[in-house]
Amino acid sequence: MHQKLSPSTIFLLTLAPIMWAGNAIVGRAVHEMVPPILLNCLRWSLAMLILLPFGHHLFTRTSPMWGAWRRFALLGLLGVGLYNALQYLALKTSSPINVTLVAASMPVWMLLIGSWFFGATISRRQMLGAILSIGGVLLVLSRGDWHFLLSLRLVPGDLLMIAAAIIWSFYSWLLTLPKDPPALRADWVAFLLAQVTFGVIWSGLFAGIEQLTDVQAIRWSGPLIAALAFVAIGPAIVALRCWGLGVQRVGPTIAGFFSNLTPLFAALMSLAFLGEAPHLYHGVAFLLIVGGIVVSSRP
């Protein structure tokens, strides 16, 4: 049974988008220093090392993780191995603002996937909120010119983020299924570490494939090391924990609308750190997205 929105839940579901916006900014800033799939692998490997001292008991012979390893392998594939890798790939050809705004299609996918695969019902308010949000996405894809939609050619980064949004929707709905061992649900470090462990295996496999096809070498530097530390702690550990707890409290549908706060923070951070000033259509798109959140979350 999902709870009503409380101040603490709003805080959790707002902190995650702040971290994800920072992830987009940092991913764009270092895209010439490290290949995107390898960046994802390094990020989660570091996150795993940070979590390991607090959840090492997860790997004992009697750990409940082994009985549910298929579920955690799937969660690790979707939430760690694929979603973040696709986002870093998208940032090679698209800006952080555009990437986060395209990801604002998340509520639509949350509704559709919940209805098609998880037996969820869709209310009129939720559908209206989704329409407002997708209107914001179409506005940014058209670069503020609706006539441009007739000849729209999506850049690869935009398409990759649409795929990432679909994958994240599946991941979020899977979090709501009561299939986790109670001992792991009660221990958030172990629950997160179980996902990250399998995610590192998947991301390592994908990074190995990337290295066979991409000759880009890592350019180690102080800024790159600092960037790795940030994306491993903030957007990985903190954001994933906040998101998981928020989804368990209010469900993926309402939580999905909060993910659309990411473009606001990405626009502000792009202006502050990358000099990529937002345009007027970004502001209008964000108003549509916020309208979707307000409409969908009202009882």
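The values are calculated or read from the model by the stated rules, or taken from the named source; none is laboratory data. If you're wondering where the values come from, they're calculated on a predicted model, not measured in any experiment. Heads up, the Cβs are rebuilt from the backbone with ideal geometry, glycines too, and the neighbour counts pull from every protein chain shown.
Candidates in the stretch 1-44 are the residues that are touching a Ser or Thr at 6+ places or on another chain (Cβ under 8 Å) and among the small types (Gly, Ala, Ser); of these, the one that is farthest from residue 94 (Cα to Cα) is 16.
Restricting to the stretch 153-201, what's the tally of residues that are free of Cβ contacts under 8 Å to residues at least 24 places away in the same chain, among the charged types (D, E, K, R) and within 22 Å of residue 92 (Cα to Cα)? Here the count works out to 1.
Do we find that residue 247 is at pLDDT 90 or above and either over 22 Å from residue 176 (Cα atoms) or crowded, with 21+ Cβ neighbours inside 10 Å (or both) in this structure? No.
To keep it simple, each residue is scored yes or no on (1) of a type in the set (A, V, I, L, M, F, W, C); (2) at pLDDT 90 or above; (3) surrounded by 15 or more Cβ atoms within 10 Å (Cβ to Cβ).
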residue: 151; (1), (2), (3): no, no, no
residue: 157; (1), (2), (3): no, no, yes
residue: 173; (1), (2), (3): yes, yes, yes
residue: 180; (1), (2), (3): no, no, yes
residue: 187; (1), (2), (3): no, no, yes
residue: 204; (1), (2), (3): no, yes, yes
residue: 213; (1), (2), (3): no, no, no
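Of all the listed residues (109, 69), the sole one being touching a Gly at 6+ places or on another chain (Cβ under 9 Å), aromatic (Phe, Trp, Tyr) and under 24 Å from residue 251 (Cα atoms) is 109.
Do we have residue 241 as surrounded by fewer than 24 Cβ atoms within 10 Å (Cβ to Cβ) and touching an Asp or Glu at 6+ places or on another chain (Cβ under 9 Å) here? So residue 241 fails the test. In the stretch 178-189, the count of residues that are part of a helix (DSSP H, G or I) and of a type in the set (D, E, K, R) is one or more.
Within the stretch 28-49, the set of residues being in a helix (DSSP H, G or I) and touching a Lys or Arg at 6+ places or on another chain (Cβ under 9 Å) comprises 28, 36.
Only one of these conditions is not met by residue 10: (1) at pLDDT below 90; (2) in a helix (DSSP H, G or I); (3) closer than 13 Å to residue 87 by Cα; (4) not acidic (Asp, Glu). Which number is it? Result: residue 10 passes all but (3). Taking the conditions (1) touching a residue at least 40 places away in the same chain (Cβ under 8 Å); (2) part of a helix (DSSP H, G or I) in turn, residue 218 satisfies each one other than (2).
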